[in-house]
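Just below is one structure, and these are the notes that go with it.
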Amino acid sequence: GLRERKRVIVDAAGYRARRREALEGRADRAAGQALANKSVIEMDPMSAQERRVVHERLKERSGIETYSEGDEPNRCVIVAPLLPE
C-alpha cells in the first residue's frame, strides 16, 4: 500500500529567520551598488526560495529591477538600475 507523505520543515535555532535577514541585507546592498554605480549587480547563486526573498525585498524599491538568470543550481538574481525614460 501507499503511505501518506508529510512535509517536515526543520528550523534549527532560528536559522530561517537569520538567513532571511542576511539575504535582505545583501539585497539592499546590491540595490545600493546598482544605483550608485549605474551598473548591473549579479548576486551569488541561490535556491529558488532564497531568490524569492530577494525579489520580494526589492520589488517596491524605486529605480531598480530584479530578475533571475542562469540554470539550476547556478541560477542567480540580477539587480539592475532602471534606465531613465
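Observations on the structure shown:
- The residues listed here are 22, 12; of these, the one that is among the small types (Gly, Ala, Ser), loosely packed, with under 14 Cβ neighbours inside 10 Å and modelled with pLDDT of 95 or more is 22.
Rundown of residues vs (1) under 9 Å from the mean Cα position of the chain (by Cα); (2) on the phi > 0 side of the Ramachandran plot; (3) in contact (Cβ under 8 Å) with a residue 24 or more places away in the chain; (4) open to solvent by less than 40 Å² (accessible area, probe 1.4 Å), yes/no style:
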residue	(1), (2), (3), (4)
43	yes, no, yes, yes
52	yes, no, no, no
59	no, no, no, no
77	yes, no, yes, yes
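- Near pairs, Cβ below 7 angstrom, 6+ apart or cross-chain, from region 24-37 (more than 11 Å from residue 77 (Cβ to Cβ)) to any residue that is part of a helix (DSSP H, G or I) and open to solvent by 60 Å² or more (accessible area, probe 1.4 Å): 24/57
The values are calculated or read from the model by the stated rules, or taken from the named source; none is laboratory data. Just so you know, these numbers come straight off a predicted model, no measurement behind them. All Cβ positions, glycine included, derive from the backbone under ideal geometry; neighbour counts span all protein chains shown. Protein only, heavy atoms only, side chains kept; ligands, DNA and RNA dropped before computing areas. Shrake-Rupley method; radii C 1.70, N 1.55, O 1.52, S 1.80 Å.
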